[in-house]
1. What number of residues within the stretch 9-22 are of a type outside the set (Ser, Thr, Tyr) and touching a residue at least 24 places away in the same chain (Cβ under 8 Å)?
2. Cβ contacts < 6 Å: first residue closer than 26 Å to Ile102 by Cα and loosely packed, with under 11 Cβ neighbours inside 10 Å, restricted to the stretch 59-83; second residue modelled with pLDDT under 80 and among the charged types (D, E, K, R), any location; separation 6+ or different chain. Result?
3. Hey, can you tell me all the residues within the stretch 85-111 that are modelled with pLDDT under 90 and in a helix (DSSP H, G or I)?
4. Can you run down the residue pairs with Cβ atoms below 8 Å, 6 or more apart or on separate chains, where the first is in the stretch 99-120 and more than 17 Å from Leu66 (Cβ to Cβ) and among the aliphatic types (A, V, I, L, M) and the partner is in a loop (DSSP other than H, G, I, E, B) and at pLDDT 90 or above?
5. Quick check, is Ser15 of a type in the set (Ser, Thr, Tyr), modelled with pLDDT under 85 and farther than 13 Å from Ile126 by Cα?
Amino acid sequence: MLAVALAAVAADQASKALVVAELNRGEQATVIPGLLDVVHVHNPGIAFGLFDQGPNLILPITLAALAGIIGWFAVEGRRRSSMWLPVGLLVGGAVGNLIDRIRLGHVTDFIDLSYWPSFNAADAAITVGVVALLAMALFGPGGRPSADPAGHGERTPSTGGPARSGGPEASA
């Protein structure tokens, strides 16, 4: 998880640095006409420009969410080992944008799809991480609860028969 998070942070920060170095604020470069532009905009809000009027709330909310995600992974990650990739993307994206908020007071967005608000690599990592976690929760692997969460019907390794609890019925 840590390696994925570090890679997401590095990709995010490097791509933002390139945009800042190559484009003036407000400037854009067309990559695919009518579909994709690279722009240089500052976003004081969260993903896709939401809550741009409340930047003082964003930092504590982001820190609380990040602590919650890491805590949740510490517990669930042991039971669902496949969670490391999407959680790493979530954490890396959150940290990438957090670095900008602390350092600059805003986030640099630069990916401009003609049909969607501008965003950055950290936003993309967060989105992919959330979608992957939702897909895992709905469709597996390890996302579905056990068919028998109470453990009834388990087989003992030695006999292949039903496991017994050791209560009075076990001696029968």
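The values are calculated or read from the model by the stated rules, or taken from the named source; none is laboratory data. Since the model is a prediction, treat every value here as computed from it, not as a measurement. Methodologically, a virtual Cβ is constructed for each residue, glycine included, from the backbone with ideal geometry; neighbour enumeration extends over all protein chains shown.
1. So the answer is 7.
2. From the stretch 59-83, no pairs qualify.
3. Matches in the stretch 85-111: Arg101, Ile102.
4. Pairs that qualify, where the first residue is more than 17 Å from Leu66 (Cβ to Cβ) and among the aliphatic types (A, V, I, L, M) and the partner is in a loop (DSSP other than H, G, I, E, B) and at pLDDT 90 or above, are Ile111/Ser118; Ile111/Asn120; Leu113/Leu35.
5. No.
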